[in-house]
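Inspection log for the structure reproduced underneath, given as structure tokens.
The values are calculated or read from the model by the stated rules, or taken from the named source; none is laboratory data. Keep in mind the model is a prediction, meaning the values are calculated, not measured. Here the Cβ positions follow ideal geometry from the backbone for every residue, glycine too, while neighbour counts run over all protein chains shown.
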Amino acid sequence: MTDYILGIDTSAYTTSIALADFNSKEIILDKRTVLNVPAGQKGLRQQDAVFQHMRNFCKLYDELEADLKNVKIVSVSSRPRNVEGSYMPVFTVGQNYGKTIAKTLNCKYVEYSHQENHIAASLLDEYKEINDNILAIHMSGGTTEFLSVKKAQKGYDAVIAGGSMDITFGQLIDRVGTLMEFPFPCGMHMEKYLENNLNIENIKSPAISGESYINLSGMENHYNNLYLSDKYNKESIINSLFKYVADCILHIIKNIKSKYHFDIVILAGGVASNGIIRNSILERLDNEFKIILPQKENSSDNAVGVSFLPIIDRWYDEIKTN
């Protein structure tokens, strides 16, 4: 018997659809389209992103080859965070399409947060072993949050333990990358640039402003000025920027670990797909915590996690009942 969960996520820069098999617990389909940001721009207005999501979603849905009569649950990222009042217009696209599809297919409809989606996408292979004592670091273009996480009856409960107070890690990288004329979002293009340019000079890391909550906007000016000064080549500045982000992550962990008990650290969100940042964290924390790094493609925005969350919830309900 085949029972599918259709996952939908319409985030700030990616339209995503995924299908999970409720019984085999496998992801059988994963489709995504990155929104188009005009050259030179540092992002999209919400109304422009909503329009692109509407167009992209119809194309992705048309490409579904599975028998949709087997869809038993439509699972949607309906808001950024799992807190009251959390809202972004882009998520209403997936929410409205999801409700319509569920009504048409006469199946169950369920909502989670985009943040829970990222957590679940990190735990596809380990959800049965990991329920509490989690620090989930959600790093993207719109978010830099360090979350004390535990499994709830539905999805995951999270308390913000630290993060950035102004711009995010993703914004910092994108703003410096845009000045360097990389396509937006810039992080993956900047990392790829380093693969072919190995003449990297060491640049002293700047001081970190703050403890569990840090400020990053001054670093935008710092790295922009480094680039405009012509004192260092592009690859050295990019490498320094990525290492600085890793230093910030380690700095915040150091400042919150006495207050929040965790022995597992998850790196999630688009910035967490960066190989330099991932390797720096592994090298310096692997002996202290269990580090969970999702596959790179599941670090970036996706619908894989939200398609899998009903499976995790069913398993958790079963063990709580027993």
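What to note about this one:
- Qualifying residue in the range 99-106 (condition: buried (at least 23 other Cβ atoms within 10 Å of the Cβ) and among the β-branched types (Val, Ile, Thr)): no
- The set of residues in the range 33-76 that are among the charged types (D, E, K, R) and part of a helix (DSSP H, G or I) comprises ASP48, ARG55, LYS59, ASP62, LYS69.
- Scanning the range 195-229 for residues that are of a type in the set (Ser, Thr, Tyr) and either modelled with pLDDT under 95 or part of a loop (DSSP other than H, G, I, E, B) (or both) yields SER205, SER209, SER212, SER217.
- Failed criterion for THR144 (all others in (1) at pLDDT below 95; (2) under 16 Å from ASP247 (Cβ atoms) hold): (1)
- Residue that is farthest from GLY142 (Cα to Cα) [pool: residues in the range 1-10 that are over 13 Å from the mean Cα position of the chain (by Cα) and β-branched (Val, Ile, Thr)]: THR2
- Restricting the first member to the range 290-306 and to residues that are surrounded by 24 or more Cβ atoms within 10 Å (Cβ to Cβ), and the second to residues that are outside any helix (DSSP H, G or I) and modelled with pLDDT under 90, no beta-carbon pair is closer than 6 Å while six or more apart or on different chains.
- Hits in the range 289-322 - residues which are in contact with an Asp or Glu (Cβ under 9 Å, 6 or more places away or on another chain) and acidic (Asp, Glu): GLU297, ASP301
- Within the range 1-19, being outside any strand (DSSP E or B) and of a type outside the set (Gly, Ala, Ser) holds for MET1, THR2, ASP3, TYR13.
- Candidate set: the range 11-41, residues that are without any contact (Cβ under 8 Å) to a residue 40 or more places away in the chain and hydroxyl-bearing (Ser, Thr, Tyr); chosen: the one nearest to GLY142 (Cα to Cα): THR33
- Residues satisfying the stated conditions in the range 146-167, i.e. touching a residue at least 60 places away in the same chain (Cβ under 8 Å) and out of contact with any Phe, Trp or Tyr (no Cβ under 9 Å at 6 or more places or on another chain): ASP157, ALA158
- Some residue of the range 127-139 being crowded, with 16+ Cβ neighbours inside 10 Å, modelled with pLDDT under 95 and aromatic (Phe, Trp, Tyr): yes
- Any hit, the range 254-274, residues being closer than 22 Å to GLN171 by Cα, without any contact (Cβ under 8 Å) to a residue 60 or more places away in the chain and surrounded by fewer than 16 Cβ atoms within 10 Å (Cβ to Cβ): no
- Candidates ILE28, ILE5 - the one that is of a type outside the set (S, T, N, Q), closer than 23 Å to LEU309 by Cα and surrounded by fewer than 22 Cβ atoms within 10 Å (Cβ to Cβ): ILE28
- Applying the set (1) part of a helix (DSSP H, G or I); (2) surrounded by 17 or more Cβ atoms within 10 Å (Cβ to Cβ); (3) in contact with a strand residue (DSSP E or B) (Cβ under 9 Å, 6 or more places away or on another chain); (4) not acidic (Asp, Glu) to VAL176 leaves exactly one unmet item: (3).
- The one condition from (1) part of a loop (DSSP other than H, G, I, E, B); (2) touching a strand residue (DSSP E or B) at 6+ places or on another chain (Cβ under 9 Å) that GLY305 does not meet is (1).
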